[in-house]
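Asks: This is the structure, below, for whatever I ask next.
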Amino acid sequence: MNVGHAVRWAAEHGLPRLGLMALHRKGDTFAQLLSGDEGRNDPYTLIDQLRGEGGVQTVKTGYAVFEHGLCKEILRDRRFGVRTPIDPMLPGPIRRYVESIELPPNPIEAPSMFMMDPPEHSRLRKPVASAFTPRAVARLGDRVREVTTELLDSMAATGSAELISEFAAQVPVAVIGEMLGFPDSDREMFLAWGEVVTPLLDVGISWETHQRAMAATAAMKTYLADHIEKVRRDPGDDIFSTLVTSGELNTTELMASANVLMGAGFETTMNLLGNAIPLLLAHPDQLELLRAEPQHWPNAIEEILRFEPPVQLTARRVLEPVELGGAPLQPGKSVIMSLAGANRDPAKFEDPHRFDVTRANAKEHLAFGSGVHACIGASLARLEGINALPALFERFPDLRLDGEPHRRGLSTLHGFDRMPAMLSQAAEVVPAATAASED
Ligand code: HEM
């Protein structure tokens with residue numbers, strides 16, 4: 001056992017885990033949201049209870065906010081910084097010891113931009129954001145269309161599909177591979193990496209889950225170090241090559257950026273695609289409308305993001321005394337912002353639990369965050385949604401789920417890990433490419 005890793009786990013996850021489990025046993029609604037099956041399967045009922053009269057709620061972990069206006073305000077307010085993994089409320093010497101223990105590079109370990117405040121954050125973010133040139137994003141669009149067609153063709157050949165592993169996960173993993181210049185043959189490795197590393201975003205993960213994530217990130221460190229050397233010698237036409245050759249980031253920072261792009265761009269987009277399928281199938285009138293008037297698809301993607309946000313919550317730390325919504329907030333404490341709560345706030349979205357692909361203000365959701373840490377990949381995620389989803393429903397007009405899809409056991413990220421489905425009878429035997437050539 002790696003003692004350093006065990007101490008970091010104990011401080012970051014073990015203690016909060018014990019606290020959450022005790023609260024959960026007492027029926028605490030916030031603990032249910034953060035760590036229970038109730039929160040994973042139906043977070044919105046709990047959120048409505050927690051929102052109560054509104055304002056800043058005091059919870060066992062610090063504060064929590066469920067309103068659109070307040071969430072947005074905090075995300076844009078520099079008096080709040082990112083949540084450091086190690087609780088600043090721990091006594092000084094213990095905190096310094098825990099902080100001195102290094103973990104392999106991962107999306108929530110400095111110098112990941114997720115974990116940095118300005119001005120350091122801006123120095124790390126700017127070159128990554130600039131590498132997303134319109135030309136590079138357009139190229140990714142071509143790749144999305146190409147991969148979607150390949151995936152639909154291969155699904156059509158069998159008549160049934162596991163829509164997460166065969167579709168929703170494959171589109172983003174191909175895009176990330178393209179973005180970082182990884183060979184296609186390594187796709188399965190990234191899928192496995194994503195599966196074990198993303199739980200790090202949750203509060204109170206188990207020691208086994210943490211160990212699996214650390215083993216994967218250690219392996220990725222070696223892979224990325226080799227990849228960065230290769231790109232330096234022979235840069236490609238991809239976003240990561242632009243970043244490496246810009247010379248603005250050192251090797252550790254490049255590794256952190258690659259980690260954050262993989263961590264932030266993969267499972268989130270997989271959940272956008274995966275959440276959309278049962279949602280649209282459960283609302284046949286909406287799907288029918290999209291079939292008749294496909295111009296509503298871009299707004300439908302926004303409504304899907306509003307209604308089932310792939311990232312349900314994020315957190316910040318109070319940096320200085322702040323008064324918000326009439327409540328004094330204590331420096332050092334953490335504030336959890338429920339992006340899902342913001343997206344279902346009745347003060348912002350009329351009849352918020354109604355799924356309506358024509359909703360006029362759907363795009364004002366907070367699914368991509370807001371402020372200095374707002375999602376860099378938002379336009380890319382939209383591009384993936386707008387290409388992959390209509391193509392799926394067009395190719396398989398009789399698509400239906402084969403049993404209940406299974407939710408992934410995470411609270412921060414919200415999505416499914418298994419979704420068996422039956423495709424249409426016609427699609428079972430006649431792949432579109434063949435059908436087109438016979439016309
Ligand atoms: C539907 C898909 C996606 C969703 C819902 C999503 C959501 C988010 C959210 C909520 C944040 C802000 C977190 C915070 O403020 O604490 C964020 C940040 C970020 N996202 Fe996304 N994201 C998605 C796709 C992507 C993609 C495809 C990429 C890259 C290829 C990406 C890259 C990033 C990066 C690098 C950040 C960190 C920005 C910073 O710290 O300055 N995301 N994302």
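Asks: Among Arg354, Arg78, Arg17, which one shows the highest mean-square fluctuation when the chain is modelled as a Gaussian network with alpha-carbon springs under 10 Å?
Replies: Maximum fluctuation in the GNM of the chain, among the listed residues, is at Arg354.
Asks: Which residue, Gly274, Gly194, Gly62, tops the fluctuation ranking in a GNM of the chain built on C-alpha contacts under 10 Å?
Replies: Most flexible of the set in this elastic network: Gly62.
Asks: Quick check for the chain: number of Lys pairs with alpha-carbon distance under 29 Å, counting only pairs 8 or more apart or on different chains?
Replies: Counting lysine pairs in the chain gives 16.
Asks: For the pair Asp142 and Ser160, how long in nm is the line joining their label points, each one 7 Å along Cα→Cβ?
Replies: Distance between label points: 3.8 nm.
Asks: Also, quick follow-up: Note down the magnitude of the dipole of the chain about its Cα centre, charges +1 on Lys and Arg C-beta and -1 on Asp and Glu C-beta and zero elsewhere, to the nearest 20 debye.
Replies: Charge dipole of the chain: 1700 debye, to the nearest 20.
Asks: Assign unit charges at the C-beta atoms only (+1 for Lys and Arg, -1 for Asp and Glu), then state the dipole size of the stretch 256-366 relative to its Cα centre in Debye, rounded to the nearest 20.
Replies: 380
Asks: Pairs of alpha-carbon atoms within less than 8 angstrom and 6+ residues apart define the contacts here; what relative contact order does the chain have, in percent?
Replies: Relative contact order, the chain: 26 percent.
Asks: Something else about it: For the stretch 133-172, what is the convex hull (Cα atoms) projected area averaged across all directions, in square nanometres?
Replies: Result: 2.6 nm².
Asks: With θ set to phi - 60° and the Karplus curve 6.51 cos²θ - 1.76 cosθ + 1.60, what are the ³J(HN,Hα) couplings of the stretch 238-254 in order, to the nearest whole Hz, using x for Gly and Pro?
Replies: So the Karplus estimates, Gly and Pro as x, are 9, 4, 5, 4, 4, 5, 5, 6, 5, x, 7, 10, 7, 4, 4, 5, 5 Hz.
Asks: What is the distance, in nm, between label points placed 7 Å from the Cα along the Cα-to-Cβ direction at Arg291 and at Arg232?
Replies: Spacing of the two 7 Å Cα→Cβ label points: 5.6 nm.
Asks: Next question. Based on alpha-carbon centroids, what's the gap between the stretch 133-150 and the stretch 319-376 in Å, whole number please?
Replies: What the calculation gives is 31 Å, centre to centre.
Asks: Right, next: Please work out how much length the chain gains when fully extended from Ala327 to Ala129, using 0.36 nm per residue of separation minus the C-alpha to C-alpha distance, in nm with one decimal.
Replies: Gain on extension, Ala327 to Ala129, equals 67.7 nm.
Asks: Counting only GluC sites (Glu not before Pro) that sit in a DSSP loop (anything but H, G, I, E, B) with at most 13 other Cβ atoms within 10 Å, what is the longest stretch of the chain containing none of them?
Replies: The longest uninterrupted stretch comes out as 103-349.
Asks: With r as the distance between the Cβ atoms of Glu38 and His353 and R0 = 22 Å, compute the FRET efficiency 1/(1 + (r/R0)^6) and round to 0.05.
Replies: Given R0 = 22 Å and the Cβ-Cβ separation, E is 0.85.
Asks: With the dipole of the chain worked out from charges on the C-beta (+1 for Lys and Arg, -1 for Asp and Glu) around the Cα centre, which of Val144, Ala192, His5 lies farthest toward the positive end?
Replies: The listed residue farthest towards the positive side: His5.
Asks: Quick one: Karplus J couplings for the stretch 380-393, per residue in order, coefficients 6.51, -1.76, 1.60, θ = phi - 60°, nearest Hz, x for Gly and Pro?
Replies: 5, 4, 4, 4, 5, x, 6, 8, 6, 5, x, 5, 4, 6
Asks: OK, next. Counting each DSSP H run of 4 or more residues in the chain as -39500 (n - 2.57), what helix-only mean residue ellipticity at 222 nm follows after dividing by all residues, to the nearest 500 deg cm²/dmol?
Replies: -16000 deg cm²/dmol
Asks: How many nm separate the modelled label positions at Lys363 and Leu18, each set 7 Å beyond the Cα in the direction of the Cβ?
Replies: 5.0
Asks: Could I ask something else about it? Length gain on complete extension for the stretch Thr251 to Ser122, per 0.36 nm per residue less the alpha carbon to alpha carbon distance?
Replies: Once the chain is fully extended between Thr251 and Ser122, it gains 44.7 nm.
Asks: In addition: Averaging sequence separations of C-alpha pairs under 8 Å and six or more residues apart, then dividing by the length of the stretch 166-317, give the relative contact order as a whole percent.
Replies: The value is 28 percent.
Asks: Here's a follow-up. Which FRET efficiency value, to the nearest 0.05, do you get for Asp184 and Asp77 by plugging their Cβ-Cβ distance into 1/(1 + (r/R0)^6) with R0 = 51 Å?
Replies: Between Asp184 and Asp77 the formula returns 0.75.
Asks: Work out how much length Ala6 to Tyr97 would gain on full extension: take 0.36 nm times their residue separation and subtract the Cα-Cα distance, in nm to one decimal.
Replies: Taking Ala6 through Tyr97 to full extension adds about 31.5 nm, to one decimal.
Asks: For the chain, what is the largest minus smallest coordinate of the Cα atoms on each principal axis, given in angstrom and ordered from greatest to least?
Replies: Projected onto the principal axes, the Cα atoms of the chain cover 74, 56, 39 Å.
Rule-based calculations on the coordinates, nothing more; no lab input. Treat the numbers as computed from the prediction; the structure is a model and nothing was measured. Here the Cβ is made from the backbone with ideal geometry for all residues, glycine too, and neighbour counts use every protein chain on show.
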